[in-house]
Amino acid sequence: MYGIFLFISGQEIIVVLLIVLLLFGSKEIPRLARTFGKGMKEFRRATEDIKREFESSTSDMKEDMNEIRKSLTKETDEIKRNLTRDADEIRKNVSRETGEIRRNISKDAKEAMDNISDD
């Protein structure tokens, strides 16, 4: 109720009503009240239209943002898969090469030991 009267106290409302009564008379007050009511109804309708328009605009933006988010998620997932695949391939190549190097070192060490024991 206080929001409707913009924090006007009860005494101030009574003073305003008395001034309206003195200025317009008792016969004009119902017409003024109807006019005021119609004005408030139009104001509410305009406010609702603005609110509805704002919500539809923001819902369109939300949909666009969701599409962008989905697209980015799809792209980052693809990049992750590619990087994981490449990293696995590199890991396999490194393992294969290090295994070959170990075998060669073992072979060379065995030959060196055989040469030392033959001498």
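Read-outs: derived from the displayed coordinates by stated rules, not from any lab. This one's a predicted model, so the numbers in the text were calculated from it and none came from an experiment. So basically every Cβ, Gly included, is an ideal-geometry build from the backbone, and we count neighbours across all protein chains shown.
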If you check Ile29 against the conditions, is it touching a helix residue (DSSP H, G or I) at 6+ places or on another chain (Cβ under 9 Å) and either touching a residue at least 60 places away in the same chain (Cβ under 8 Å) or outside any helix (DSSP H, G or I) (or both)? no
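The rows are residues; the columns are (1) out of contact with any His (no Cβ under 8 Å at 6 or more places or on another chain); (2) of a type outside the set (S, T, N, Q); (3) loosely packed, with under 10 Cβ neighbours inside 10 Å.
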position	(1), (2), (3)
Glu12	yes, yes, no
Leu22	yes, yes, yes
Glu28	yes, yes, no
Glu63	yes, yes, no
Thr76	yes, no, no
Arg81	yes, yes, no
Ile101	yes, yes, no
